[in-house]
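Encoded as structure tokens, the structure appears first; notes follow it.
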Amino acid sequence: MLKKLYDGLILKYPIIVLAVLFAIVASLTFWAAKLEVDASAETLLLEDDTDLQFMRETSERYPSGLDMTIISFAPKEDILSPNTLRAIDEISKDLKKIERVGSVMSILDVPLLENGSSAIKELVNDVTTLQSPYVNLEKARVELLTSPIYSENIVSRDLKTTAIVVMLKSNDIYTELLEKRNNTRDRAEAKGATKEDKEAFKLASSEFKKHRDELRIKERQTIDDIRAVLKKYENEGKLFVGGVNMIAVDMIRFVKSDLVYFGTALFILLAFTLWVIFRQLRYVVLPLLICALSIVSTAGILGFFGWEVTVISSNFVALQLILTISIILHLIVRYRELASKYPKVPQKELVLLATLSKANPSFFAVFTTIIGFLSLMLSNIKPVINLGWMMASGITMSLIIAFAAFPAILVLLPKKQLYTKFEKEFAFSSFCAKIVDKHGIAVVTTAVCMIIFTLIGVQKIRVENSFINYFKPSTQIYQGMQNIDQNLGGTTPMDLIVNFNTQKASADEEDDFEKEFAEDKNDPKYWFTPKVTSAALKVHDYFDNNEFIGKVQSLGTLLKVGERLNNGRALDNFELALIYTQLPVSYKDMILSPYINIEHNELRFTMRLIDSDPRLKRNELIQKANEDLKEIITPDIGTFRLSGAMVLYNNMLQSLFKSQILTLGAVALVFLIIFIPLFGSIKASLIAVASNLIPMGVVFGFMGFAGIPLDMMTITIAAISIGMGVDNVIHYIHRFKEELRLSGGDYTKAMYNSHNSIGYAMYYTTVATALGFGVLVFSNFMPTIYFGVLTVAVMIMVFFGAIVLLPRLLITFKPFGS
């Protein structure tokens, strides 16, 4: 049937076939231009995470910090000098002129509680700031340095760095559309969903996406405007920008930059490598043309279905390039082998024979690769699931285009004398064949050592996700995040919400004054009971004493300041109620409202983790906090729950680890089931799986010893490596069985013949992709660098597994009989 397709259509009417193919690709180019990049925080969260729902609920009561941009300013002069204060004032005024900026807070605006009267009643009525005409600068210096509110928050410990906090205008429409999309999605995915439910979800998704894209353009412009303002004041000192919005904007830029620049660099290096190997233009242009057609077609499909490129799936172009070039090189090497062996056979017959002989192994190689990538769908993270679909559809397009375009183009070209100097001078596959034949014991011993290395190394692997380490130290984003991390109390936010059982104090806790007003349950003075204040201080101190947590802000912060104001005496509930009710709203929003909600009977503790500390183990920190807090917030007091970006990202990572690493065994079992009918031998199938898993395991062992953590990017290497590794194994065993038949059952001879044929295709693919991906180390985005290094490591290891370990095991165990 396949022979009839090629004889009667593709090789008979190659120009028409190519015209149709180019027309289809050209139409997909329109949709490829619509492919978008999404690096928002949403793409890194679990779809069904209950902690996400909880955070969205609490964010309605408290500011989330997601619309906050932090500027760290290290002035050349003293931080309280007139020139520095003038510069801060001018920067703040310029920032307020930006369209999306709602407010700006700096040391000029914060209330200096220890600068005026120590009497609480007078303090709330006459709050002093650095802009007050009667401010005492020396007192202000001491307060900024020592106050639990400001030290390592608005100023650094050494008073050489200060923060300027830019609050962006809230976007209620975004929140409404997001909630509408999520609600309609839940109904559309529920059992018994109607057609109307699905249409409602489709409409809500479209509305949300349209608004989000418009908002993203504004966010990018806002960050650019902020940086433009700061550029005007470069002579005043060092200025860095930080915040969730800034990270999202810069990550999109890095991803887009890498897609363009390194995609182009990959093509150039592949072209150079192919020219060095073949020294004939047709074998350079043909592979690159087919790669380009495949990638554009896949991008068009992704654009048509509205799939977006995220941080996780940003390397799909590079991945498809590897897989496509592998298919093409196997076809080229097979054609050249046949052309050398049968020089008098017409071009059409050579092309037909080469294509048909590679159809079966290529199909199964692609099929098993698709299974490897589809294992990503076991994740609950939409971008990871989409990466699985992207690669499955992409490699399918590569197979179709390669087996249509390669024979159609090649049959139009005349036969040409082959350049074989590279094969003769760099006969690496022949060298590997001699190692397999002469040093069998050493090969098996090395494999055993590799297993031991893997078992030890994987135990050292950490599952971590550090955003600051996603960027090179030389980049502005890294320097800004590090500055905030080390001087201004950390970067990655985490919250604790404590909900108390009762609002009102018990009778024995009330004094005479309180009993007089006991009827008014909503009066703040009845809420600030010893039970509340004691819990606030204990929880605050627990987090404050953790070396991996930077700044902690809560009611406990105010209690500590109040004790300083009262000369060591704790604030009573009447004084706290007075501050709560009488403090001007602008100051209350800074030091009280973000941490107290009397209506919901709860306290909020906000903290930032020192993200740059290499010893930080995020999952362990969360687990330990959940256990330790049970001793502080006992059931008779109330309940508690950790929340925030830190918790959500950790949930994502732990889920991804379980779904990917722990499903490798299941994927390997599926491969084994496929291999048995394909190879016709259980023993050969077990050898094939072992030859793939052993070298792949070395990569994970290397990650453990090198301290490369499994995060949202590197964790997908599991599916990628097992998907790519089986390609070489399938191609080699397919050819080995053929050579074994031709050699009359001589395993050693079959091995030598296989190495001198299919071995070159495997060798060329590895060299080309390894050199191409080596260029990724020049990226400023560390996930791209890790991806490049690990991909090269995977390609090299699975190549040696297939060219050395696999044939040695085949010769030793003789799975196909004699």
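The values are calculated or read from the model by the stated rules, or taken from the named source; none is laboratory data. Since this is a predicted model, take the numbers as computed values, not measurements. As a convention, Cβ positions derive from the backbone with ideal geometry for all residues, glycine included, and neighbour counts pool all protein chains shown. We work out accessible area using only protein heavy atoms, side chains counted, and drop any ligands, DNA or RNA first. Shrake-Rupley method; radii C 1.70, N 1.55, O 1.52, S 1.80 Å.
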Helix-only estimate, please: 222 nm mean residue ellipticity of the chain, summing -39500 (n - 2.57) across DSSP H runs of length 4 or more and dividing by its residues, to the nearest 500. -20500 deg cm²/dmol
Just in region 143-193: which trypsin sites (Lys or Arg not before Pro) are loop by DSSP and have at most 16 other Cβ atoms within 10 Å? R157, K160, K169, K191
Which shape class, rounded, prolate or oblate, goes with the chain when its Cα gyration tensor gives a ≥ b ≥ c as root eigenvalues, a/c under 1.5 marks rounded, and past that a/b bigger than b/c marks prolate? prolate
For a quick check of understanding: with a 1.4 angstrom probe and all protein chains in place, what accessible area in square angstrom does H734 have, to the nearest ten? 60 Å²
Using the charge dipole of the chain (Lys, Arg: +1 at Cβ; Asp, Glu: -1 at Cβ; taken about the Cα centre), state which of L583, P414, F431 has its Cα farthest towards the positive end. P414
When the accessible area of region 674-793 is computed with all protein chains present and a 1.4 Å probe, what percentage of it is carbon and sulfur? 66 percent
About the Cα centre, charge dipole magnitude for region 113-237 (Lys/Arg +1, Asp/Glu -1 at Cβ), debye: 640 debye
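Would you list V37, V244 from the most to the least accessible area, probe 1.4 Å?
Largest accessible area first, the list is V244, V37.
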Can you send over the solvent-accessible area of Y542, 1.4 Å probe, protein chains only, in Å² to the nearest 10? 50 Å²
Taking only protein heavy atoms and a 1.4 Å probe, the highest-to-lowest accessible-area order of Y526, Y134, Y587 is Y134, Y587, Y526
Using a 1.4 angstrom probe and counting only protein chains, how large is the accessible area of K588 in Å², to 10? 40 Å²
